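J.: To start, I am sharing the structure in question, which I have written as structure tokens.
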Amino acid sequence: MDPNAVKTELVLILDYGSQYTHLITRRIRSLSVFSLCVSGTSPLKSITDLNPRVVILSGGPHSVHTPDSPSFPAGFTEWAQANGVFVLGVCYGLQLIVQRLGGVVKVGEKQEYGRMEVEVERNTGIFGSKKVEDKQLVWMSHGDEVVKLPEGFEVVARSQQGSVAAIESPARRFYGLQYHPEVTHSPEGMETLRYFLFDICKVSAGWSMENVLDEEIKVIKSTVGAEDHVICALSGGVDSTVAATLVHKAIGDRLHCIFVDNGLLRFKERERVMETFEKDLHLPVTCVDATEQFLSKLKGVVDPETKRKIIGREFICIFDAFAHDLEQKLGRKPTYLVQGTLYPDVIESCPPPGSGRTHSHTIKSHHNVGGLPKDMKLKLIEPLKLLFKDEVRELGRILDVPQGFLKRHPFPGPGLAVRVLGDVTQGNALDILRLVDEIFIQSIKDAGLYDTIWQAFAVFLPVRSVGVQGDQRTHSHVVALRAVTSQDGMTADWYYFEHKFLDDVSRKICNSVRGVNRVVQDITSKPPSTIEWE
């Protein structure tokens with residue numbers, strides 16, 4: 001998808017490191033307005049080339065007082081005003097506007113964190129739909145506060161402690177909110193964003209997955225030559241399947257799919273996935289059994305990042321061999337490789353603003369094929385790289401991918417290698433994990449919980465525990481169960497199972513899987529943890 005195709009209505013978020021930044025992107029897209037998130041320290045040209053209608057400066061953990069605090073590039077405010085671009089600062093973004101435009105921000109005498117009430121002082125601009133003295137609960141998260149506004153700005157709302165909660169300069173099209181409207185803890189936050197975009201900025205809502213489908217087919221047809229052939233690596237997950245279905249719709253039989261059994265798949269995954277590809281999706285798929293190739297290279301490896309890179313290299317070797325075989329068969333080399341890269345993969349591969357590292361959209365090393373070598377012979381097609389997971393599922397629905405397949409929980413590119421902590425080839429760790437995971441997932445389905453949970457899986461821990469089974473002392477393995485709720489994987493909360501469910505699952509696992517005598521549950525949210533273990 002080319003952002004230039006919708007650039008006249010683009011809302012661009014400059015990311016300054018807030019854990020909520022990507023929620024802004026999602027919230028705006030939920031209003032049928034296209035939004036993108038880029039580094040807050042991006043060069044001015046990369047911002048202006050996108051020609052956004054609106055720019056939102058995100059929150060972040062930094063203080064505008066520190067010399068190395070991240071900021072928008074020189075010339076940004078002049079460009080925005082000269083081109084009629086609306087700018088909204090959120091939390092740190094508000095303080096950045098104030099500090100850069102001549103106001104004063106100081107360390108607050110009373111820091112504000114969590115839910116807090118704010119009161120409207122002026123029913124103009126961003127609070128034009130409110131009445132003076134209207135109150136609302138919002139989510140605050142700041143230690144610094146504004147003590148002097150730049151020329152031409154006015155306070156339009158204050159917190160219950162008297163701190164500046166919202167500012168604006170309609171003449172300059174600059175607005176600011178000290179709180180986070182994008183989180184659910186600000187109940188009226190979506191109403192504020194909606195009013196800002198549609199009533200203040202006059203943005204038109206018209207972006208949809210149907211638009212994305214039509215646009216992507218045009219892009220693929222214009223990119224892939226009339227005689228070019230394309231390879232697609234199918235993992236069995238939603239992302240690569242939707243990507244393959246989309247490309248197949250665009251170029252037909254010139255797409256050649258490959259499904260690799262790397263020995264790191266779930267219980268009967270190979271048989272189940274291939275049946276879906278052949279019977280339901282009618283995709284041309286070649287299955288390659290490379291179990292020995294992968295596991296031999298992973299023997300003795302315990303570092304998770306090293307595992308990912310090894311798996312990535314082996315995938316590339318297999319794709320190159322597959323491409324060579326196709327060349328012999330077709331009489332011409334395949335030109336492109338399709339990947340199901342998603343927007344969160346792009347975002348999460350970027351160094352955090354203020355880290356001192358160059359911001360780039362290099363895909364994180366483990367995604368899909370584990371990081372692509374510079375000398376790779378195939379060019380990339382990534383038709384989903386600007387979409388979130390739930391948007392991909394909606395696109396798949398439009399493409400008639402079966403609902404049962406679209407609702408599958410995400411599965412990592414490196415497979416069970418990142419769910420077996422330590423050496424995946426040691427003992428029978430993979431066999432144990434497959435059986436535990438199958439019991440856990442089937443129990444979730446039997447309880448009618450599968451569609452409620454965003455992702456669930458089991459983890460093999462590199463520890464042994466003393467237990468008693470069959471009146472005998474055992475020294476067996478420990479497994480962990482992880483289940484989270486989320487919208488797009490950027491943030492997540494652990495799922496609250498009923499005690500009876502956990503009791504039943506634990507008993508089934510310990511009674512059915514030889515070598516396991518202890519089951520634990522992961523009750524950590526993201527952040528501070530990630531969803532996967534590694």
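For every residue, the table says whether it meets (1) surrounded by 14 or more Cβ atoms within 10 Å (Cβ to Cβ); (2) part of a helix (DSSP H, G or I); (3) at pLDDT 90 or above; (4) in contact with a Lys or Arg (Cβ under 9 Å, 6 or more places away or on another chain).
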residue	(1), (2), (3), (4)
466	no, no, no, yes
478	yes, no, yes, yes
483	yes, no, yes, no
489	yes, no, no, yes
501	yes, yes, yes, no
504	yes, yes, yes, no
511	no, yes, yes, no
528	no, no, no, no
531	yes, no, no, yes
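J.: Continuing with the same structure: Which ones in the range 305-321 are surrounded by fewer than 19 Cβ atoms within 10 Å (Cβ to Cβ) and in contact with a Leu (Cβ under 7 Å, 6 or more places away or on another chain)?
T.: Scanning the range 305-321 gives a single hit, 310.
J.: Restricting to helices (runs of 4 or more DSSP H) lying wholly in the range 1-111: which have 3 or more residues that are aliphatic (A, V, I, L, M) and out of contact with any Lys or Arg (no Cβ under 8 Å at 6 or more places or on another chain)?
T.: Ranges flagged: 21-29, 92-100.
J.: Then there is this: Looking at 103, 152, 40, 143, which one is assigned by the TED database to the domain that holds residue 185 and closer than 23 Å to residue 25 by Cβ?
T.: Only one candidate qualifies: 40.
J.: Which of the following residues is open to solvent by less than 10 Å² (accessible area, probe 1.4 Å), among the polar types (S, T, N, Q) and modelled with pLDDT under 90: 129, 186?
T.: None of the other options fit; the residue is 186.
J.: Which of the residues that make up the range 250-304 are under 15 Å from residue 423 (Cβ atoms) and open to solvent by 60 Å² or more (accessible area, probe 1.4 Å)?
T.: Answer for the range 250-304, where residues must be under 15 Å from residue 423 (Cβ atoms) and open to solvent by 60 Å² or more (accessible area, probe 1.4 Å): 296, 297, 299, 302, 303.
J.: What's the number of the condition residue 232 fails, among (1) outside any helix (DSSP H, G or I); (2) surrounded by fewer than 23 Cβ atoms within 10 Å (Cβ to Cβ); (3) assigned by the TED database to the domain that holds residue 392?
T.: Here residue 232 clears every test but (2).
J.: Same structure again: Can you pull out every residue in the range 136-157 that is of a type in the set (D, E, K, R) and under 18 Å from residue 196 (Cα atoms)?
T.: 154
J.: Could you give every pair whose Cβ atoms fall below 7 Å, whose first residue belongs to the range 272-293 and is in the same structural domain as residue 255 (by the TED database), and whose second residue is assigned to a loop (DSSP other than H, G, I, E, B) and open to solvent by less than 60 Å² (accessible area, probe 1.4 Å), counting only separations of at least 6 or pairs across chains?
T.: 273/236; 277/283; 280/402; 281/401; 290/262; 291/262; 291/263
J.: Could you tell me which of the residues 493, 503 is closer than 30 Å to residue 184 by Cα and not small (Gly, Ala, Ser)?
T.: Being closer than 30 Å to residue 184 by Cα and not small (Gly, Ala, Ser) holds for just one of 493, 503, which is 493.
J.: Among the residues of the range 84-97, is there at least one that is out of contact with any Pro (no Cβ under 8 Å at 6 or more places or on another chain), surrounded by fewer than 20 Cβ atoms within 10 Å (Cβ to Cβ) and over 14 Å from residue 59 (Cα atoms)?
T.: yes
J.: In the range 279-309, which residues are part of a loop (DSSP other than H, G, I, E, B) and in contact with a strand residue (DSSP E or B) (Cβ under 7 Å, 6 or more places away or on another chain)?
T.: Selection gives 283, 284, 290.
J.: Only one of (1) assigned to a loop (DSSP other than H, G, I, E, B); (2) open to solvent by less than 20 Å² (accessible area, probe 1.4 Å); (3) at pLDDT 90 or above fails for residue 369. Which number is that?
T.: (3)
J.: Sticking with this structure for a sec: From the list 523, 441, which residue is under 28 Å from the mean Cα position of the chain (by Cα) and open to solvent by 30 Å² or more (accessible area, probe 1.4 Å)?
T.: The conditions single out 523.
J.: Exactly one condition in (1) of a type in the set (Gly, Ala, Ser); (2) part of a helix (DSSP H, G or I); (3) more than 20 Å from residue 272 (Cα to Cα) is not met by residue 443; state its number.
T.: (3)
J.: Quick test of your reading of the structure: residue 169 fulfils all but one of (1) open to solvent by 60 Å² or more (accessible area, probe 1.4 Å); (2) free of Cβ contacts under 8 Å to residues at least 24 places away in the same chain. Name the failing condition by number.
T.: So residue 169 meets the others, but not (1).
So that you can scan it fast, the table gives a plain yes or no per residue for (1) in a loop (DSSP other than H, G, I, E, B); (2) free of Cβ contacts under 8 Å to residues at least 24 places away in the same chain; (3) open to solvent by 60 Å² or more (accessible area, probe 1.4 Å):
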| site | (1), (2), (3) |
| --- | --- |
| 409 | yes, no, no |
| 423 | yes, no, no |
| 430 | no, no, no |
| 452 | yes, no, yes |
| 456 | no, no, no |
| 460 | no, no, no |
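The values are calculated or read from the model by the stated rules, or taken from the named source; none is laboratory data. Please read these numbers as outputs of a predicted model, since none were measured by experiment. Here Cβ is always computed from backbone atoms with ideal geometry, including for glycine, and neighbour counts include all displayed protein chains. Protein only, heavy atoms only, side chains kept; ligands, DNA and RNA dropped before computing areas. Shrake-Rupley method; radii C 1.70, N 1.55, O 1.52, S 1.80 Å.
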